[in-house]
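Since the structure comes first, as structure tokens, the remarks are kept for the end.
The values are calculated or read from the model by the stated rules, or taken from the named source; none is laboratory data. Because the structure is predicted, anything quoted here is derived from the model rather than measured. Please note: Cβ atoms are built from the backbone with ideal geometry, for glycine as well, and neighbour counts cover all protein chains shown. Just the protein is used for accessible areas: all its heavy atoms, side chains included, with ligands, DNA and RNA removed. Shrake-Rupley method; radii C 1.70, N 1.55, O 1.52, S 1.80 Å.
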Amino acid sequence: MDGKKLEYKGEEALKEIERLTAKAGRVQLDILKEILTRNSKTEYLSKYMKGSKDVSDFKQRVPVITYKAIQPYIKRITNGEDSSLITGHPITEILCSSGTSGREPKMMPSIAEDLDRRTFLYNLIMPIMNQYVPGLDEGKAMLLYFVKAETSTPCGLPARTVLTSYYKSRHFKCRSPDPFNNCTSPDQTILCNDSNQSMYCQLLSGIVHRHQVLRLGAVFASAFLRALSFLERNWINFCNDIRSGQLDPLITDPECRSSMAPLISVPNPSLADEINEICSLPSWKGILCQLWPKAKYIEAVVTGSMAQYIPALEYYSDGKLPLVCTMYASSECYFGVNLKPLSDPADVSFTLLPNMGYFEFIPLGENGTRLMNIDDDEEVRNDKLVDLVQLSLGCYYELVVTTFAGLYRHRVGDVLQVTGFHNKAPQFRFICRRNVVLSIDTDKTNEEDLHKSVSVAKKLLEPFDALLVEYTSHADTSRLPGHYVMYWEIIYHGSMVDATAPLDDKVMQECCIAVEEELDYIYRRCRAYDKSVGPLEIRVVEPGSFDALMDYFISQGGSINQYKTPRCIKSNKALKLLDSNVKACFFSPRDPKWIP
Ligand code: AMP
């Protein structure tokens, strides 16, 4: 890769950012040429390029695709065919991304050197941070990281999330000591497959080091808040462990036990008293600053769908800790970094690093007018795409990526707005993921999957002569863990008037679980394994509620001719309206099935 060296630290890392961004166009062209050269003999590229390695041939002939088009190739590889179907390098692992295609999780190819690229980006974060918050090398970081269960493909390739891949790699495990990344969590606690034991040990370790901790965080805001609710449930146990100098016997993982032993083997009653006093306070407002008095900021993704957690983070920090969102990345490629990490979450922009992959953009207009009109299956003409150097300030684009690992002009599905340029490299505000209607944690449910799930569940009403006539949904994160709420309007015996015959609770609960069983793999993992999403709720509303909803939206300027019931609602007023019409609420009685 351009910048093969991984260990850019301090000034050198900042210089490398300047170097790369100053000649962003050149770096991009070189990356594309390199990909075309290295992968020219692959079945996929040969089909379109007929042996050519020419950039203009690539632009004319290689189609812009969604995952669906590459899925058959990836499937063949996971079933044992050669990586050369799509890439000139051996595919070393499959990264499970948080999207679905035809109800299956998306699987992204990855090659060994992708880990170098990801490490390169991670290594830029602290030098950037150090410019704004000095002294971060004089203490510790309580960063809560977790691995997720992994499987293997029929041909034996590991299939796991991109973060799990990184934590299990030698790039992470054998990293050289760095005072800027002196973390409270022993690696063994991060690598523990049991998320409860992992969480317990990582939080306990963070608490033991409370006076040295300079920054707090997790990858996603949702995970950090989950840790806080775990703390609420477990702080008494932490106090006991600290007071007695003995780790709770419920922690059975031998690696966790041995890595935690040096931290708590000496009884420390005064620390236990301190924790007891702080955690017994009637309000946990600002608790983070009490528990970790030297913390200077919270690090977590708080952009995109994670923005819904900003108020909760501000509550627990009493608004005293800046929320820092350092990077923008995906399973297919890591994209960029935030060069102004202390900016307000609403103003966060990511600077695209031009050496991570080859980037192109689908223009969506100056005010995102095409935003709503472009869908997954719409064919995007090749000549519509623009390069990184052709982007216009203020305009909206969908990101398209070409990688060494075998994705060519692949639509990532993210909508970005250009907010500026750092040297020649564009900077973006993350607007949204196209099509995603509901998201609590790493789950991302699109309208199509939601609709399919509802279509299956509503069949359960038929034997009772009841009919689902309208529905919408909402991601409720007012309590932790957040959960999906569905509003259902049901008519009985074909009558809007005689709506008095309520269905048996059991039937409605079955509907809840039926929706969940049909939702995608990541949703079901969040529910059944990570426990980061709570049981789905159906709120049955009075007949006519959806007419009232339509009236409301039209009163807000919507067009009566074009009105379609929104399948997800964020407006507080609209939610209030529906909530005032709720007749009964039902929750899923159990976890949906999930097999790793
Ligand atoms: P995955 O492929 O499952 O790793 O998910 C990657 C997606 O997560 C990206 O395409 C974005 O939609 C979203 N994402 C990643 N980083 C950020 C960020 N900093 N802000 C908002 N969304 C993000």
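Within region 414-452, which residues are part of a helix (DSSP H, G or I), surrounded by fewer than 22 Cβ atoms within 10 Å (Cβ to Cβ) and touching a residue at least 24 places away in the same chain (Cβ under 8 Å)?
447, 449, 451, 452
So is residue 51 under 23 Å from residue 148 (Cα atoms) and either of a type outside the set (Lys, Arg) or open to solvent by less than 60 Å² (accessible area, probe 1.4 Å) (or both) or not?
On the way: under 23 Å from residue 148 (Cα atoms): no; either of a type outside the set (Lys, Arg) or open to solvent by less than 60 Å² (accessible area, probe 1.4 Å) (or both): yes.
The answer is no for residue 51.
Scan region 290-308 for residues that are within 12 Å of the ligand (Cβ to nearest atom), open to solvent by 30 Å² or more (accessible area, probe 1.4 Å) and either charged (D, E, K, R) or modelled with pLDDT of 95 or more (or both) and jot them down.
301
Report yes if residue 272 is among the aliphatic types (A, V, I, L, M), in a helix (DSSP H, G or I) and more than 16 Å from residue 226 (Cβ to Cβ), otherwise no. Steps first, answer last, please.
Values: among the aliphatic types (A, V, I, L, M): yes; in a helix (DSSP H, G or I): yes; more than 16 Å from residue 226 (Cβ to Cβ): yes.
Yes; evaluated as a whole, the condition is true for this residue.
What tally of residues in region 574-595 results from selecting those that are open to solvent by 70 Å² or more (accessible area, probe 1.4 Å), more than 23 Å from residue 468 (Cα to Cα) and either not in a loop (DSSP other than H, G, I, E, B) or not β-branched (Val, Ile, Thr) (or both)? Lay out the reasoning, then the answer.
Taking region 574-595 first, the residues open to solvent by 70 Å² or more (accessible area, probe 1.4 Å) are 576, 580, 583, 587, 589-590, 593, 595.
Those still in the list that are more than 23 Å from residue 468 (Cα to Cα) too: 593, 595.
This time we only want the ones that are either not in a loop (DSSP other than H, G, I, E, B) or not β-branched (Val, Ile, Thr) (or both), so: 593.
Within region 574-595, residues that are open to solvent by 70 Å² or more (accessible area, probe 1.4 Å), more than 23 Å from residue 468 (Cα to Cα) and either not in a loop (DSSP other than H, G, I, E, B) or not β-branched (Val, Ile, Thr) (or both) number 1.
Looking at (1) in a loop (DSSP other than H, G, I, E, B); (2) under 25 Å from the mean Cα position of the chain (by Cα), which is the one condition that is false for residue 300?
Looking at each condition in turn, residue 300 falls short on (1).
Among the residues in region 376-393, are any open to solvent by less than 10 Å² (accessible area, probe 1.4 Å) and either within 13 Å of the ligand (Cβ to nearest atom) or outside the structural domain of residue 56 (by the TED database) (or both)?
No, because not a single residue in region 376-393 is open to solvent by less than 10 Å² (accessible area, probe 1.4 Å) and either within 13 Å of the ligand (Cβ to nearest atom) or outside the structural domain of residue 56 (by the TED database) (or both).
Out of (1) more than 15 Å from the ligand (Cβ to nearest atom); (2) open to solvent by 10 Å² or more (accessible area, probe 1.4 Å), the odd one out for residue 339 is which?
(1)
Out of region 557-573, which residues are in a loop (DSSP other than H, G, I, E, B) and in contact (Cβ under 8 Å) with a residue 12 or more places away in the chain?
If the condition is that a residue be in a loop (DSSP other than H, G, I, E, B) and in contact (Cβ under 8 Å) with a residue 12 or more places away in the chain, then 563, 565, 566, 567, 568, 569, 570 are the ones that fit.
List every residue pair whose Cβ atoms lie under 9 Å apart, where the two residues are 6 or more positions apart in sequence or sit on different chains, the first residue falls within region 226-245 and is in contact (Cβ under 8 Å) with a residue 60 or more places away in the chain, and the second residue, located anywhere, is of a type in the set (A, V, I, L, M, F, W, C) and not in a helix (DSSP H, G or I).
226/144; 226/218; 226/480; 227/144; 227/218; 228/284; 228/480; 229/480
Go through (1) within 16 Å of the ligand (Cβ to nearest atom); (2) polar (S, T, N, Q); (3) in contact with a helix residue (DSSP H, G or I) (Cβ under 8 Å, 6 or more places away or on another chain) for residue 71 and report which single condition fails.
Residue 71 satisfies every listed condition except (3).
Out of 368, 319, report the one residue that is modelled with pLDDT of 95 or more and surrounded by fewer than 24 Cβ atoms within 10 Å (Cβ to Cβ). Reasoning before the result, please.
Details: 368 fails: modelled with pLDDT of 95 or more.
Result of the check over 368, 319: 319.
Suppose the filter is more than 16 Å from the ligand (Cβ to nearest atom), buried (at least 17 other Cβ atoms within 10 Å of the Cβ) and in contact (Cβ under 8 Å) with a residue 40 or more places away in the chain; does residue 468 pass it?
Against the criterion (more than 16 Å from the ligand (Cβ to nearest atom), buried (at least 17 other Cβ atoms within 10 Å of the Cβ) and in contact (Cβ under 8 Å) with a residue 40 or more places away in the chain), residue 468 does not qualify.
For residue 148, indicate whether it is away from the ligand (no atom under 16 Å from the Cβ), touching a residue at least 12 places away in the same chain (Cβ under 8 Å) and open to solvent by 20 Å² or more (accessible area, probe 1.4 Å).
Judged against the criteria, residue 148 is not a match.
Does at least one position in region 309-330 carry a residue that is more than 14 Å from the ligand (Cβ to nearest atom), among the acidic types (Asp, Glu) and assigned by the TED database to the domain that holds residue 393?
No.
Got at least one residue in region 16-34 being loosely packed, with under 14 Cβ neighbours inside 10 Å, free of Cβ contacts under 8 Å to residues at least 60 places away in the same chain and out of contact with any Gly (no Cβ under 6 Å at 6 or more places or on another chain)?
For region 16-34, residues loosely packed, with under 14 Cβ neighbours inside 10 Å, free of Cβ contacts under 8 Å to residues at least 60 places away in the same chain and out of contact with any Gly (no Cβ under 6 Å at 6 or more places or on another chain): absent.
Do we find that residue 59 is crowded, with 17+ Cβ neighbours inside 10 Å and not small (Gly, Ala, Ser) in this structure?
Details: crowded, with 17+ Cβ neighbours inside 10 Å: no; not small (Gly, Ala, Ser): yes.
No; evaluated as a whole, the condition is false for this residue.
When region 85-101 is examined, which residues are found to be more than 9 Å from the ligand (Cβ to nearest atom) and either among the basic types (Lys, Arg) or touching a helix residue (DSSP H, G or I) at 6+ places or on another chain (Cβ under 7 Å) (or both)?
85, 86, 88, 89, 90, 91, 92, 93, 94, 100, 101 - these are the residues of region 85-101 that are more than 9 Å from the ligand (Cβ to nearest atom) and either among the basic types (Lys, Arg) or touching a helix residue (DSSP H, G or I) at 6+ places or on another chain (Cβ under 7 Å) (or both).
For region 342-354, give me each residue that is surrounded by fewer than 20 Cβ atoms within 10 Å (Cβ to Cβ) and either near the ligand (Cβ under 9 Å from one of its atoms) or part of a loop (DSSP other than H, G, I, E, B) (or both).
342, 343, 344
Say whether the condition of being touching a residue at least 24 places away in the same chain (Cβ under 8 Å) and out of contact with any Leu (no Cβ under 7 Å at 6 or more places or on another chain) is met by at least one residue in region 546-556.
So far as region 546-556 goes, yes, one or more of its residues are touching a residue at least 24 places away in the same chain (Cβ under 8 Å) and out of contact with any Leu (no Cβ under 7 Å at 6 or more places or on another chain).
Name the pairs whose Cβ atoms lie under 6 Å apart, with the first residue in region 317-331 and within 14 Å of residue 219 (Cα to Cα), the second of a type in the set (Asp, Glu) and part of a strand (DSSP E or B), and 6 or more positions between them or separate chains?
324/299
Output the residue which, of all residues in region 102-131 that are within 12 Å of the ligand (Cβ to nearest atom) and in a strand (DSSP E or B), is surrounded by the fewest Cβ atoms within 10 Å (Cβ to Cβ).
105
At negative phi and touching an Asp or Glu at 6+ places or on another chain (Cβ under 8 Å), is that true of residue 379?
Numbers: at negative phi: yes; touching an Asp or Glu at 6+ places or on another chain (Cβ under 8 Å): no.
For residue 379, the condition - at negative phi and touching an Asp or Glu at 6+ places or on another chain (Cβ under 8 Å) - is not met.
I'm trying to understand the selection: among the residues of region 78-116, which are out of contact with any Gly (no Cβ under 8 Å at 6 or more places or on another chain) and among the charged types (D, E, K, R)?
81, 82, 93, 103, 104, 113, 114, 116
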